[in-house]
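These notes concern the structure reproduced below.
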Amino acid sequence: MAWGAVLACTAACTSFTGLIIVRTFLGIFECVCQPAFVFLATMWYTREEQALVIGAFYSMNGFQQCVGGLIAYGIAQIEHAKLKNWQILFTLLGCITFVWGLFVLWWLPDSPMRAKCWSKQDRFLMAERVRKNETGIQNREFKKYQASKGFSSEDWDDLILARR
């Protein structure tokens, strides 16, 4: 939802600085999408199924470009609008993304154990099905040692070396 809101706000930019700020926020909000999808795939699918599901997700990037191009072409045909065509495009796609995010927030359960659309027995069977992944499906306990490990010097050294 945040990504869609920021995308829609792109239409309000009137300077290069504004565009840089908006693009930075888009990058911040977008960088969680790929890891989040992979995380969701590990909760709902077995290891054998994950490659196909994740592959299908990535293949939709090409399909999305086809659809996005058609939408952009249609908007480019608008003449004499108060907004420029690119502003209409960013506003439209940002608002659609925001509304879709609201729907996903309401509809997508955060784990198979909390999916209301299935019975208790079905949820149990789903959890058993992915049990062999040995990744877990729900853990709400905050572990300080895991958070502090992210800031340890050895991890940052690896990150800096990877960038060189």
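The values are calculated or read from the model by the stated rules, or taken from the named source; none is laboratory data. Note that the structure is a prediction, hence the values are computed from the model and not measured. Cβ sites come from the backbone with ideal geometry, for glycine too, and all protein chains shown count toward neighbours. For accessibility, only protein heavy atoms count, side chains too; no ligands or nucleic acids. Shrake-Rupley method; radii C 1.70, N 1.55, O 1.52, S 1.80 Å.
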Under 22 Å from Lys120, Cα to Cα: lysines that are on another chain or at least 8 residues apart: Lys132
0 to 90° range, to nearest 10: angle between helix 33-44 axis and the chain longest Cα axis: 40
Accessible surface of Glu79 - all protein chains present, 1.4 Å probe, nearest 10 Å²: 130
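Could you give the accessible area per residue of the chain, probe 1.4 Å, as a whole number in Å²? Spell out each step's value before the answer.
Numbers: 12750 Å² over 164 residues.
Per residue, the chain has an accessible area of 78 Å².
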Candidate lysines for bridging to Lys82, where Cα separation is under 30 Å - those fewer than 8 sequence places away on the same chain excluded: none
Rounded to 10°, Cα long-axis angle of helix 120-129 versus longest principal axis of the chain: 80
Solvent-accessible area, 1.4 Å probe, carbon plus sulfur percent, for segment 1-133: 70
Rough spin-label spacing in nm, given labels placed 7 Å along Cα→Cβ, for Leu108 and Ser59: 2.0
Reach of Lys143 by Cα under 20 Å, taken over lysines that are not fewer than 8 positions away in the same chain: none
All-pairs Cα distance distribution in the chain, expressed in whole percent, bin size 5 Å: 1, 7, 10, 13, 16, 14, 14, 11, 7, 4, 2, 0
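Kindly identify segment 21-70 as rounded, prolate or oblate by the Cα gyration tensor criterion: order the square roots of the eigenvalues as a ≥ b ≥ c, call it rounded if a/c is under 1.5, otherwise compare a/b with b/c, prolate if a/b is larger, else oblate. Write down the numbers at each step before the final one.
Details: a/c = 4.40, a/b = 1.39, b/c = 3.16.
Because a/c hits 1.5 or more and a/b fails to exceed b/c, segment 21-70 counts as oblate.
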Helix 153-163 axis, angle to the chain major axis (alpha carbon atoms, nearest 10°): 50
